[in-house]
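Comments concern the structure below.
The values are calculated or read from the model by the stated rules, or taken from the named source; none is laboratory data. Everything quoted here is computed from the prediction, not taken from an experiment. Methodologically, a virtual Cβ is constructed for each residue, glycine included, from the backbone with ideal geometry; neighbour enumeration extends over all protein chains shown. Heavy atoms of the whole protein, side chains included, go into the accessibility calculation; ligands, DNA and RNA do not. Shrake-Rupley method; radii C 1.70, N 1.55, O 1.52, S 1.80 Å.
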Amino acid sequence: MITRRNLLCSLLLSMSCGTSNVWAQIQSSGRKGAPARIVILGDSLTAGYGLQRDEAFPAILQRKISDTGLPFEVVAAGVSGDTTAGGLRRIQWALGPGAAVCILALGGNDGLRGVPPEQTEANLNAMIQAVRNKDPHTLIVLAGMPLPENLGADFLKAFAAVYPRVAEKNGVPLIPSLLEGVAGVSELNQPDLIHPTAEGQKRVAETVWKVLQPLLHQKRESQ
C-alpha cells in the first residue's frame, strides 16, 4: 500500500514542471479570430505528468472537439503540484483574455497536504467568483478530486463533501470525480499510483466529455 509519506514525495517530484509552457499557450490562444477558449485550471493531472502533452486529457478533449466541429480551443492551464490556493493566485493570468468555459480541476494536492477542507472550499468559491468577475458569461465546470483511502475516513468524508456543496452553492455543473474509473486501478496509473497512464488519461477525457459535450452545444447555440 502506498503511504502518505510516499504520496507527498511523489507530489514534490511532480512540482518540477514549471509554468512557462502554460503561459506560452495562454498567450498564443488570445489571437484575434481564434475559437472560443476552454481554460482547464488544474494540477499535474491536467498537465499530463509523466506523459507527452498530446497524451493528457486536455489534448484528447481538443481532438474530440475538433472531430465534432465545435468552435472551441482548449487551453491546458495545468501546473504540477498546484493547490486551490495556487489556482486562486494565478487564475487571472490563466484566464488570459477571457474564456467561454473554465473547468476547475484543483484540490487533490490540498488533500495530500492535509489542507483543511473548509479552506479548499473557500478557495474554490473564490475562484468561481473571480471567473465571474472577469466575465459573467463564462461557463464554469467544477471537477471533483478523489483522495487515497489511507488519509483517514473523517478527512475523506469532509473533503468529498466540498465539491457538491460548492457546485450547488454556485449553480455550476459538477464532474463528480475527475478520476472516475481510474483512481486505484493500477494498470491505469503510473508507478506512483497517483498519475494516470496514457490509457488512464483517455478515461479521464471520457469522464469530462460526458459533462462537457452537451454544455458546449448549448454554449454554441447561445452565442
- Could you grab me the full set of residues in the range 84-107 that are open to solvent by 10 Å² or more (accessible area, probe 1.4 Å) and either in a helix (DSSP H, G or I) or among the hydroxyl-bearing types (S, T, Y) (or both)? A85, L88, R89, R90, Q92, W93
- Message: I'd like to check something: does the range 163-176 contain any residue that is surrounded by 17 or more Cβ atoms within 10 Å (Cβ to Cβ), free of Cβ contacts under 8 Å to residues at least 40 places away in the same chain and assigned to a helix (DSSP H, G or I)?
- Response: yes
- Query: Does G111 meet the test of being free of Cβ contacts under 8 Å to residues at least 24 places away in the same chain, under 25 Å from G50 (Cβ atoms) and either part of a helix (DSSP H, G or I) or open to solvent by 10 Å² or more (accessible area, probe 1.4 Å) (or both)?
  - Reply: no
- Query: So, in the range 41-68, of the ones that are aliphatic (A, V, I, L, M) and assigned to a helix (DSSP H, G or I), which residue ends up surrounded by the most Cβ atoms within 10 Å (Cβ to Cβ)?
  - Reply: L45
